[in-house]
Structure formats: structure tokens, C-alpha cells
Amino acid sequence: MKRISQIAPLNSQAMREAQEIQSTLVKPAGSLGELERLTVQLAGITGNPRNTVPRKVICLFGSDHGIYDEGVCSSPQDFTRKLMEVYASSQNGGINVLARQAGAELRVYDLGVKGLGEHENIITRKFLPNGTADFLHARAMSPETVRAVISFGIDLVRDMKAEGVGLIGTGEVGMGNTSPACACIMAGLKSRDDSLVGRGAGLSDEAFLRKKNVILSALEFHSPNLTDSVNILSCVGGLDIAAMTGVFLGGAIYRIPVLVDGVISVAGALMAYMIEPLTLGYMIASHESAEPAYARAAEAMNLSAPLKLGMRLGEGTGCAIMMQIIDDALAIINTMGKFQEIL
């Protein structure tokens, strides 16, 4: 991961210029709040005070998780495969609908989904054909696999940069994946507070207690290096989280804004932030997930989500909604009249 040394701070000159433009528009200073802040951050990322994003992509990473076998999820594991086929067939899954509304392309990646064969609209890269191992009893995956998946995520951003993509969203699907996400966040925050564990997709009280015990037991069993993202991901992570870690790093390397979705996505963001804190400047939070670990991870990075919609679907749905808000923000700085021109 030598490319990480290329990550640099945001362009302060472009940010000052964007702020100056905002101060000339026909509105009280700061009156458009988050919309103004977004244009300034985007200027820092790209080096241009005014920006457009004609091409947007949402990357949806599918993978299965061995920890599912511990009863931490109420949905059949085969739903991972079935949902991947729904997304790839452009049927009306949640992310299909919202990506269309945002004018974004949805790219679906199979990193390790059980029973999922070749599909013309799925990019197949099965790092582990059946997904990760049950991390209650063994490492989820080897450190070498983690590094390969992170590099894959970085490469995706490199290639999208060459295509002219200007905004990337991060999404996922994988039954049981709130467990590795929560485990990674707890390890990264050096916490054993079981209040960070959420119910996920509607667990019973008994299953919810089991989920808490499984995560705490796994962290005790592995004792991951709490300052090493690769080690954490190897012990208790998921292929989806590792891929997102790479995408967030890639956004900072290649200076493209990357949107954070829910708790799985923020786990990847935290792992990237631990590798290189400068990645934070290239991340844009979308919505505040209803999963409790999300808020703690975001707070640790000082990452503020402007949308509070009570969502916890995943898939990158929050990113799609945020893309429309970013379009609005850019329309303001690019087309709103100036005091000297109008008044």
C-alpha cells in the first residue's frame, strides 16, 4: 500500500476561493449551512473552487460472513445472493430506485457470495468464494487477503478517476455484516461497550444477547492489534469492509470525494482513517445510521452526517440521497446570482 504516501491535505487555497464565492452570493453569509460547507470541502478535494459531478458511481460490495453461523442474523443467508441478483438485474431494490433518482451508476461487486455465479451485470472478484470464516473460532481472513482487497478498492478509485467519475458512494449487502462492522468499530475505538452492538435486521431479544456475546467473545479470543487496521480486519472484519477501506483510501489518493453510508461503510471509513487520518477530508457523511456503533465511530473521526432519516437499510441508499444534495450545493455556487449583479 505504498500509494498511501501520496495522500496530501485538502487544497486550502481552493477552499478559500470557494468561501469567497459563497460570500458574494445573494444570501446572508452562512445561510445555506451544509450546502455551503460541502462546496468548500469539494474545492479542497479537487483543487477547483467550482465543481461539477457529471458522473457518479455507487459501488455495492456483496460478501457472505462466516459469523452468520453463530445466529447473529434473522434473515436467511441466501438473501445475500438473491439481493445481489435483484440489484444486478436493475429490479426495483432500494438502491436501484435511489441511484436512478440521483443519476448515479450502480456497480455491483461479488467479493465472496455463496452460490452466486457469473452475471453480466455483476463484477466477479471472489477473494473468498464462500465469504469469510466464522471469526468466533478463527480469523475472518488472512492479512494477505485483507491487503489484496484494500488494494482492489484503491484500484477501483484509480480506474474511476480515469473514467471521469467525480463522486463515489459506498454500499454493501451481506447477511450478518453488522456483526463484523461492530467488531471492527469496537476494536478501532478500543472499546468493549456492548451498547455499541445494534439489533441489525430485527433480532429477537435472545438472538440480540447472543450477538453481543459473540462479538465480545471474538474480540477477547483474537485480541487484535488495536492500532492496526489490517490486523483488525483480518481478525473480525469482512470483505465488504476491507473493500470500502480501500475505496476511502483511494478517494484520498486520487482526490475524489467518497460518501459514507451506514454502519458497515463507517467501519471501513474508520479503518481507512486509522491507516491515514488525512483520508477524513475526502470523506462526506450522508446519513446518521440508526445502528449505535455508527455514531461512536463518526464521533471518533469528527465526521458529521447532515441527514438523520432513521435509515438502516445499507446498500449505499444514504449515499444516493446525499448525491442529490451535493448536486443542489454545486448548483448554488455555480449558478446563484451575486449581489453586485442583481441588486
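Here are some notes:
- Among the residues of region 169-181, those identified as closer than 27 Å to Val57 by Cβ and part of a helix (DSSP H, G or I) are Thr178, Pro180, Ala181.
- In the set Ser63, Ser23, Ser12, Ser74, only one residue is hydroxyl-bearing (Ser, Thr, Tyr) and closer than 18 Å to Phe339 by Cβ; that residue is Ser23.
- Scan of region 296-343 for residues that are under 25 Å from Arg192 (Cα atoms), in contact with a helix residue (DSSP H, G or I) (Cβ under 9 Å, 6 or more places away or on another chain) and part of a helix (DSSP H, G or I), ordered by number: Arg296, Ala297, Ala298, Ala300, Met301
- Test: residue in region 158-168 that is in contact with a Phe, Trp or Tyr (Cβ under 7 Å, 6 or more places away or on another chain) and either part of a helix (DSSP H, G or I) or assigned by TED's automatic domain parsing to the domain that holds Asn96 (or both): yes
- Residues being out of contact with any Ser or Thr (no Cβ under 8 Å at 6 or more places or on another chain) and more than 20 Å from Gly251 (Cβ to Cβ) - total across region 23-49: 12
- Of all the criteria given as (1) closer than 19 Å to Gly262 by Cβ; (2) surrounded by fewer than 24 Cβ atoms within 10 Å (Cβ to Cβ), the one not satisfied by Glu172 is (2).
Residue-by-condition table, conditions (1) within 23 Å of Gln77 (Cα to Cα); (2) in contact (Cβ under 8 Å) with a residue 24 or more places away in the chain; (3) part of a helix (DSSP H, G or I):
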| site | (1), (2), (3) |
| --- | --- |
| Ser191 | no, yes, no |
| Leu203 | yes, yes, no |
| Leu216 | yes, yes, yes |
| Phe221 | no, yes, yes |
| Val230 | no, yes, yes |
| Leu233 | yes, yes, yes |
| Gly246 | no, yes, yes |
| Ile256 | no, yes, no |
| Gly268 | yes, yes, yes |
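The values are calculated or read from the model by the stated rules, or taken from the named source; none is laboratory data. Note that this is a predicted model, so its numbers are computed, not measured. Backbone-built Cβ (ideal geometry, glycine too); neighbour counts: all protein chains shown.
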